[in-house]
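Asker: Have a look at this one.
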Amino acid sequence: GIGPDLFQAARDATMEMIDHLERKYGLSPVDAYCLCSVAVDLKISEIVDQPNWVVSAYLPKAVFV
């Protein structure tokens with residue numbers, strides 16, 4: 001997620017991860033949301049480009065092994 005509001009950027013990153021899990025792994029939106037709530041780490045990737053924040057969502061691939 002990218003934007004001037006840190007919290008909105010975090011929401012955007014999470015929603016993109018949910019969409020990715022639905023498309024790539026065929027999870028339902030509810031299952032993807034639940035997985036994100038327990039296994040996804042949000043990280044502030046960049047704050048250099050003021051006033052924008054870049055937030056990344058990370059999910060270990062080991063979850064799917």
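Asker: Restricting to Cα pairs below 8 Å that are 6+ residues apart, what does the relative contact order work out to for the chain? Please round to a whole percent.
Answerer: Numbers: 88 pairs, mean separation 25.6, N = 65.
Relative contact order for the chain comes out at 39 percent.
Asker: Then there's this: What distance in nm lies between label points placed 7 Å from Cα along the C-beta direction at residue 49 and residue 20?
Answerer: 1.7
Asker: Another question, if that's okay. Residue by residue, what Karplus-based ³J(HN,Hα) values in Hz, rounded to whole numbers, does the stretch 51-65 have, using 6.51, -1.76 and 1.60 with θ = phi - 60° and x for Gly and Pro?
Answerer: x, 8, 10, 10, 10, 10, 10, 10, 10, x, 5, 4, 4, 9, 7
Asker: Any chance you could give the angle, 0 to 90 degrees and rounded to 10, that helix 6-25 forms with the longest Cα principal axis of the chain?
Answerer: 30
Asker: In the chain, carbon and sulfur make up what percent of the accessible area (probe 1.4 Å)? Before the final figure, lay out each step's value.
Answerer: Numbers: 2700 of 4640 Å².
Of the solvent-accessible surface of the chain, carbon and sulfur hold 58 percent.
The values are calculated or read from the model by the stated rules, or taken from the named source; none is laboratory data. Every value quoted in this text rests on a predicted model; they were computed, and no experiment measured them. Positions of Cβ are backbone-derived with ideal geometry, glycine not excepted, and every protein chain shown enters the neighbour counts. Each accessible area value is taken on the protein alone, full model and side chains, heavy atoms only, with ligands, DNA and RNA left out. Shrake-Rupley method; radii C 1.70, N 1.55, O 1.52, S 1.80 Å.
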